[in-house]
Amino acid sequence: MTAAAKYLIQSESDFDSFLASMLSRKDLDSDEFEFPDVEFKGWPTISINVKGDKKRYSSSLTASMLFGMAELTNEIQKAFTVIRHDTHNRQKLTNPDKNLLDIVYHISEGSSQADGESDAIVNGAVSVLKEAIGKMTGRQALCAVVAIVIATGTVGWKVADEYWDTQRQSSSDQISLVKATADALNKSQTNTLQLLTTGQTNVSRAVLAHGEDGRNKFLKNIAQDPKVSTVKLGDETISRDQLNTYTQRQSVDRQKLTRKDEFYIKGVTRTGPTNQDISITVTRASNGETFIIKTSSEITSTDELKEFTDAVAQESSLTINYLEVTENNHVSTGQLINIVH
């Protein structure tokens with residue numbers, strides 16, 4: 001199809017056809033790629049089914065289910081905010097944004113089946129990504145679309161899990177692992193995994209991470225109710241034994257990586273008995289991600305500290321070498337190496 005064609009996506013099959021068509025585009029990796037007209041209608045959906053004590057789970061919602069759905073929705077809102085406003089802060093959402101993010105769940109009679117449509121959220125994200133072509137390639141924009149589809153629905157979480165597994169491997173092992181994973185997935189999931197492994201940006205990684213956080217927070221809330229026997233999210237069924245792992249202390253997947261990036265400096269604070277510990281609040285210029293880079297007066301010169309405080313006053317950016325620490329795919333902190341001149 002040509003770039004002028006319009007795609008109507010009402011199912012996972014439609015989405016696969018759309019991705020396959022885009023992956024065949026010769027200009028996909030160009031910043032001149034023209035994003036097609038695409039509309040999501042009635043898909044993706046959030047499908048939740050909780051089975052347990054029939055007195056508690058029959059045309060009803062328990063507190064654990066409600067709190068879990070609320071936390072899932074919060075993470076979906078954060079995922080959208082990353083795309084829309086380059087930040088994780090939901091306070092940046094406008095009233096029109098909030099209208100898009102209003103997911104209405106329908107409860108089926110006779111069971112604790114909750115279904116919500118999130119197509120409006122994806123359509124809102126697509127409109128933003130269409131405008132971002134030029135700042136990112138077509139492949140990167142499509143990867144962000146895949147990420148928001150996964151984050152806003154119970155479709156594709158298996159593929160997301162497979163993707164994170166590949167990222168935890170050394171680069172030499174990733175290619176063979178991706179191929180082995182793709183061979184075990186259906187065609188639709190294979191196209192999705194291909195985009196996830198070839199088109200990632202900080203934006204799409206953050207969107208995926210919020211989707212994963214939402215899923216885990218929902219399951220952790222549900223797991224608090226011992227009367228629950230199984231939970232079904234889309235096509236994925238989580239057993240009681242699996243739910244029990246969420247009531248235990250969750251392991252932290254911590255990664256460390258030396259990086260160089262451009263940041264706006266939002267603040268510099270000192271703590272400790274002699275004010276020797278320094279925390280530099282930074283916002284990544286590329287995607288608005290905010291976290292703290294730490295250092296100390298013992299290893300940071302007076303001139304470097306002045307550069308940081310001047311950058312705060314002048315609202316200018318600095319390029320920094322630092323050690324980035326991520327926990328469960330989120331940046332937790334950084335350790336300053338030096339300012340790049």
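At a Cα cut-off below 20 Å, give the lysines reachable from LYS41, other chains included and same-chain residues fewer than 8 away excluded.
In chain and number order, the partners are LYS6, LYS98, LYS130.
Order ASP37, ASP115, ASP102, most accessible first, counting only protein heavy atoms with a 1.4 angstrom probe.
Values: ASP37 75, ASP115 50, ASP102 105 Å².
Of ASP37, ASP115, ASP102, the descending order of accessible area is ASP102, ASP37, ASP115.
Can you give the extra length, in nm with one decimal, that the chain gains between ASN216 and THR198 once fully stretched, where that is 0.36 nm per residue apart less the Cα-Cα distance? All intermediate terms of the calculation are to be shown ahead of the outcome.
Details: separation 18, 0.36 × 18 = 6.48 nm, distance 2.53 nm.
Full extension of this stretch gives 3.9 nm more.
In the range 262-317, which GluC sites (Glu not before Pro) fall in coil by DSSP and have 16 or fewer other Cβ atoms within 10 Å?
GLU298, GLU315
Does anything in the range 133-148 have its amide N under 19 Å from the 7 Å Cα→Cβ label point of GLU32, and if so which residues?
Only 133-141 fall inside the zone, counting backbone N under 19 Å.
Could you check the spin-label model distance between GLN276 and LYS6? Points 7 Å from the Cα along Cα→Cβ, value in nm.
6.7 nm
Given all pairs of different Cα atoms, what value in angstroms does the Kirkwood hydrodynamic radius of the range 235-341 take?
On the way: mean 1/r = 0.0639 Å⁻¹.
Computed over the range 235-341, the radius equals 15.6 Å.
Using a 1.4 angstrom probe and counting only protein chains, how large is the accessible area of LEU101 in Å², to 10?
10 Å²
What whole-number volume per residue, in cubic angstrom, does the convex hull of the C-alpha atoms of the chain give?
Details: hull volume 57.1 nm³, N = 341.
Roughly 167 Å³ of hull volume per residue.
Label-point separation (nm) for ASN338 and SER59, each offset 7 Å from Cα along Cα-to-Cβ?
Result: 7.1 nm between the two label points.
Taking 0.36 nm per intervening residue step and subtracting the Cα-Cα distance, what contour gain separates LYS98 from LYS130 on full extension? Walk me through the numbers before you get to the answer.
Working: separation 32, 0.36 × 32 = 11.52 nm, distance 2.03 nm.
Gain on stretching LYS98 to LYS130: 9.5 nm.
Dividing the alpha-carbon radius of gyration of the range 1-154 by 2.2 N^0.38 Å (N being the number of residues), what value is obtained?
Values: Rg = 17.5 Å, N = 154, 2.2 N^0.38 = 14.9 Å.
Taking the Cα Rg and dividing by 2.2 N^0.38 Å, one obtains 1.17.
Can you list the trypsin sites (Lys or Arg not before Pro) in the range 1-55 that are in a DSSP coil and have 16 or fewer other beta carbons within 10 angstrom?
On the way: sites: LYS6, ARG25, LYS26, LYS41, LYS51, LYS54, LYS55; in loops: ARG25, LYS26, LYS41, LYS54, LYS55.
Within the range 1-55, the qualifying trypsin sites (Lys or Arg not before Pro) (loop, at most 16 other Cβ atoms within 10 Å) are LYS26, LYS41, LYS54, LYS55.
Leaving out same-chain residues fewer than 8 places away, which lysines sit with a Cα under 23 Å from that of LYS266?
Leaving aside lysines fewer than 8 places away in the same chain, those within reach of LYS266 are LYS78, LYS92, LYS294, LYS306.
Roughly speaking, what is the stretch gain from SER317 to SER13, that is 0.36 nm per residue apart minus the C-alpha to C-alpha distance, in nm to one decimal? Don't skip to the end; give the middle numbers.
Working: separation 304, 0.36 × 304 = 109.44 nm, distance 4.45 nm.
Working it through step by step, the gained length comes to 105.0 nm.
Tell me which GluC sites (Glu not before Pro) from the range 17-90 have a DSSP coil assignment and no more than 16 other beta carbons within 10 Å of their own. Kindly include the intermediate steps, with their values, before the conclusion.
Values: sites: GLU32, GLU34, GLU39, GLU71, GLU75; in loops: GLU32, GLU34.
Here the sparse-neighbourhood loop sites are GLU32, GLU34.
Could you tally the net charge around ALA141, taking each other residue with its Cβ under 15 Å from the Cβ of ALA141, Lys/Arg +1 and Asp/Glu -1? Write out the running numbers ahead of the final one.
On the way: positive: ARG25, ARG84, LYS130, LYS135, ARG139, ARG205; negative: ASP27, ASP29, ASP31, GLU32, GLU34, ASP37, ASP86, GLU131.
For residues surrounding ALA141, the net value is -2.
Could you report the chain's accessible area per residue, 1.4 Å probe, as an integer in Å²? Write out the running numbers ahead of the final one.
Working: 16890 Å² over 341 residues.
Ligands and nucleic acids excluded, the figure is 50 Å² per residue.
If you take every DSSP beta bridge whose two residues both sit in the range 1-126, what share of them, in percent to the nearest 5, is antiparallel?
Working: 9 of 13 bridges.
Of the beta bridges lying entirely in the range 1-126, close to 70 percent run antiparallel.
Which sequence of SER60, SER229 reflects their accessible areas, 1.4 Å probe, from the largest down?
Values: SER60 35, SER229 55 Å².
In descending accessible area the options line up as SER229, SER60.
Of the options ALA79, LEU100, TYR57, report the single residue whose Cα projects farthest towards the positive end of the charge dipole of the range 32-102 (beta-carbon charges: Lys, Arg +1; Asp, Glu -1).
About the Cα centre, the residue reaching furthest to the positive side is TYR57.
How large is the helix-only mean residue ellipticity at 222 nm for the chain, computed as the sum of -39500 (n - 2.57) over DSSP H runs with n ≥ 4, divided by its residue count, in deg cm²/dmol to the nearest 500?
Details: 11 runs with 149 residues, N = 341.
About -14000 deg cm²/dmol.
The values are calculated or read from the model by the stated rules, or taken from the named source; none is laboratory data. Just so we're clear, the structure is a prediction, and the values are computed from it rather than from any experiment. Note that each Cβ is placed from the backbone with ideal geometry, even for glycine, and that neighbours are counted across all protein chains shown. Heads up: the accessible areas ignore ligands, DNA and RNA and are worked out on the full protein's heavy atoms, side chains in. Shrake-Rupley method; radii C 1.70, N 1.55, O 1.52, S 1.80 Å.
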